[in-house]
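The values are calculated or read from the model by the stated rules, or taken from the named source; none is laboratory data. Worth saying up front: this structure is predicted, and the values here are computed from it rather than measured. Because the Cβ atoms are built from the backbone with ideal geometry, glycine has one as well, and the counts that use them run over all protein chains shown. With ligands, DNA and RNA removed, areas are computed over all heavy atoms of the protein, side chains included. Shrake-Rupley method; radii C 1.70, N 1.55, O 1.52, S 1.80 Å.
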Amino acid sequence: MGSSKFMRPKQEKHGGVGEDNGNLVSSDLYVANCGPAVGLSYEVISMAFTQFGEVKGVYAADETDTRVIVSFSDVGSSQAAFNAFNGRHCSQLGGRFLHMRYSVPRPSLPIRDHDFVDVSLTAEELNIPGLHLFHDFITPKEEEELLAAVDSRPWISLAKRRVQHYGYEFCYQTRNVDITKSLGGLPSFVSPVLERISASSLHDAATINLDQLTVNEYPPGVGLSPHIDTHSAFEDKIFSLSLAGPCIMEFRRYQGGNWQSDSDPPMSEFMHKGSPEESRNFLRRAIHLPPRSILLLSGEARYAWHHYIPHHKVAYEVNASWATI
């Protein structure tokens, strides 16, 4: 049976909630020391409580599997079960000593405007100037070779993900790079990708000189907080190649931001008091990045829009980003 979230009944009575000698009661019972983790299946629990009335369902009360919600069709049945089982050993449930209280379904939170966003499949649908997405930029065989080459190199472990740096190391404490400390040229295994970028149809692609590479490994559920890559650390174009799994990348443009496309380099400032993450006044868009696709952020997409990967339980992903220092 499925899981559900419940809480103690409050003073505002509603359907399925009543009073017994001044105490609020309901048709749902929270039962502790009872569940799959202590050897009691939901079916066995339901059969034990059915003697008191119709049981609509038995649900996990939390993730421990040692507490359940038994939901009756009426308050009278739940009262009878409470009076018979609470604070007693129950022979029908392996002799376990049960702790019980009345409970009600937790109200759903109101849906906010920013809780949902349409996911675009192409850059044209997304409509952010300076953002380009190229599907199937590499072949499945090339993807396998890149993953094998990357995994043969040493990783740097961060709090929630692992990274590799080539060309120059990005310092996460200062959010910058030290251009006086070169790590050498980019590894040979990315040469075919760099050649393909230079031969692409992008404007001035042939003159692009990519000299910094960061490889990010995102385990399932791990995302990336909203940010704009440091202006002083990287130039206008940043490429990101997705490997091993898909992801949804989201973008925010805060209404208080000041986008200056004619400055050198172009700049974006957030004028809201406090951090951008605390503001709800922003445009929000999302795009699906399939495996083997490459994303280019430049111009407005690079400087005016925060980009991030929401924290979801998604497929394992390796993302490689190239930039010019």
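When only residues in segment 238-264 that are outside any strand (DSSP E or B) and more than 23 Å from the chain's Cα centre (by Cα) count, which is modelled with the highest pLDDT?
Out of the qualifying residues, it is Q255.
The one condition from (1) surrounded by fewer than 18 Cβ atoms within 10 Å (Cβ to Cβ); (2) under 29 Å from V117 (Cα atoms) that A206 does not meet is (2).
Among the residues making up segment 204-215, those that are among the hydrophobic types (A, V, I, L, M, F, W, C) and in a loop (DSSP other than H, G, I, E, B) are I208, L210. Among the residues of segment 128-153, the ones that are closer than 25 Å to E250 by Cα, among the charged types (D, E, K, R) and buried (at least 16 other Cβ atoms within 10 Å of the Cβ) come to 1 in all. When G223 is tested against (1) at pLDDT 90 or above; (2) surrounded by 12 or more Cβ atoms within 10 Å (Cβ to Cβ), exactly one condition is not met: (1). Looking at the structure I just gave you, is E124 within 20 Å of R292 (Cα to Cα) and either loosely packed, with under 12 Cβ neighbours inside 10 Å or free of Cβ contacts under 8 Å to residues at least 24 places away in the same chain (or both)? So E124 fits the description; yes.
Whether a residue is on the phi > 0 side of the Ramachandran plot and not hydroxyl-bearing (S, T, Y) was assessed, and G223 does not pass this test. Applying the condition of being basic (K, R) and modelled with pLDDT under 90 to segment 82-137 and asking which residue is farthest from A304 (Cα to Cα) yields R106. Selection within segment 61-81: residues that are closer than 9 Å to G35 by Cβ and either open to solvent by 10 Å² or more (accessible area, probe 1.4 Å) or more than 39 Å from the chain's Cα centre (by Cα) (or both). The member of this set that is modelled with the highest pLDDT is R67. Scanning segment 154-203 for residues that are open to solvent by 50 Å² or more (accessible area, probe 1.4 Å), free of Cβ contacts under 8 Å to residues at least 40 places away in the same chain and either part of a strand (DSSP E or B) or of a type in the set (K, R) (or both) turns up I156, S157, E169, D178, T180, K181, S182. Take the conditions at pLDDT below 90 and either outside any strand (DSSP E or B) or surrounded by fewer than 21 Cβ atoms within 10 Å (Cβ to Cβ) (or both) and apply them to Q11. Does it pass? So Q11 passes the test. Would you check which residues across segment 27-44 are open to solvent by less than 30 Å² (accessible area, probe 1.4 Å), over 15 Å from T64 (Cβ atoms) and outside any strand (DSSP E or B) and list them? Scanning segment 27-44 gives a single hit, S27.
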